[in-house]
Amino acid sequence: MLPRCNLSLKLESNDWRVDQPVVWRHLYYGNVLLSNNIEYADWSSEPVAPIACLECWNPWCSQSGLAHIVRTRTQLLWMPPYFATENRVLTDGSTQEQWLSELQPGQLLQDALLIDRSDWDALKSSAPHVPDFERFPQLTTRDIVQLWAQQLPEFAQPDEYNTVTSHHRKHCIASHPLEIDDALAVLSDLLATSDGPSAAIDGSFCPVDVSAESHNSFYFDEIGVPVYPAFASRPPHSLLVAGQYEFRPIC
């Protein structure tokens, strides 16, 4: 997950195919380009298409930087898109899962990021083409689980033949402070919130201080015994995203 950064607009000329250079407004998150043309980005689609083609200016021609954008109470979460459980049919007759599976990793947003509502509102005041904060869909329980899974370290990511919990059961050699069986039961319950219909949830992502006792960690049977903190060890348990954020109803 990207470190917290400020939003900024930069004017850059596009002289790809016209005699007179056209100035495009680029949206940056720190040094990361989110949109190369905020006026021509497709903000209403799912996923959002924020990068316009340099030649025809159509974002669905470039199909780059695609992002799933949702709102919490105080933030916008940008994250790489994932397969929707509904797997809805698209206008060309294919399904969303088929379409997403054909995209290359470089066409998607490369990492998740959080934008404070105050920063987005300030952007909106100077760039009316971007949507109001409230126009974005609300975060769901499935979004939280998918974000957590996307942020897992490589050694903790399952292959195509295993679920997250089965992978942990096969490869974890220790858990602290909970015993492995107890910790896996908690993890299984937390991940199960993404099963079935996805429910919108109110709250915000809050940075947390991780200690040996506050969050349960899994230790893996690999060289160096890599470890990562997975969730709050005390009830009410919550997933720890990227080792630094918990989603809470109230910060």
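Only the coordinates and a few stated rules stand behind these numbers; no lab work does. Source: prediction; values computed, not measured. Note: ideal-geometry Cβ built from the backbone for every residue, glycine included; neighbour counts use all protein chains shown.
What is the local net charge at F218, summed over the other residues whose Cβ is closer than 13 Å to its Cβ (Lys, Arg +1; Asp, Glu -1)? Computed value for this residue: -3. Seen from D202, the other residues with C-beta closer than 14 Å to its C-beta sum to a net charge of +2, counting Lys and Arg as +1 and Asp and Glu as -1.
Net charge of the neighbourhood of L178, taken over other residues with C-beta under 15 Å away and scored Lys/Arg +1, Asp/Glu -1, is -3. When you work out D = kT/(6 pi eta Rh) for the chain at 25 °C and 0.890 mPa s, using the Kirkwood radius from C-alpha pairs as Rh and the Stokes-Einstein form, the result is 124 µm²/s.
For region 192-203, putting each phi into the Karplus relation 6.51 cos²θ - 1.76 cosθ + 1.60 with θ = phi - 60° gives couplings of 5, 5, 8, 6, x, x, 7, 10, 5, 9, 9, x Hz, in residue order, rounded to whole numbers and with x for Gly and Pro.
Using only side-chain charges placed at the Cβ, +1 for Lys and Arg and -1 for Asp and Glu, the dipole size of the chain relative to its Cα centre rounds to 540 debye. Scanning the chain for GluC sites (Glu not before Pro) lying in DSSP loops with no more than 15 further Cβ atoms inside 10 Å, the longest uninterrupted stretch between such sites is 87-159. If both residues of a DSSP beta bridge must be in the chain, then about 95% of such bridges are antiparallel. Remark: region 102-118, residue by residue, has Karplus-estimated 3J(HN,Hα) of 8, 6, 8, x, x, 8, 9, 3, 7, 7, 6, 7, 10, 10, 5, 4, 4 Hz, where x stands for each Gly or Pro and the curve is 6.51 cos²θ - 1.76 cosθ + 1.60 at θ = phi - 60°. Arranged from fewest to most other beta-carbon atoms within 10 Å of their beta carbon, F218, F136 become F136, F218.
The calculated 222 nm mean residue ellipticity attributable to helices in the chain amounts to -5500 deg cm²/dmol, summing -39500 (n - 2.57) over DSSP H runs of n ≥ 4 and dividing by all residues.
Could you give each residue of region 127-141 its phi-based ³J(HN,Hα) in whole Hz, using Karplus coefficients 6.51, -1.76, 1.60 with θ = phi - 60°, and x for Gly or Pro? Taking θ as phi minus 60°, the curve returns 9, x, 6, 7, x, 4, 3, 6, 6, 7, x, 7, 4, 10, 4 Hz for region 127-141.
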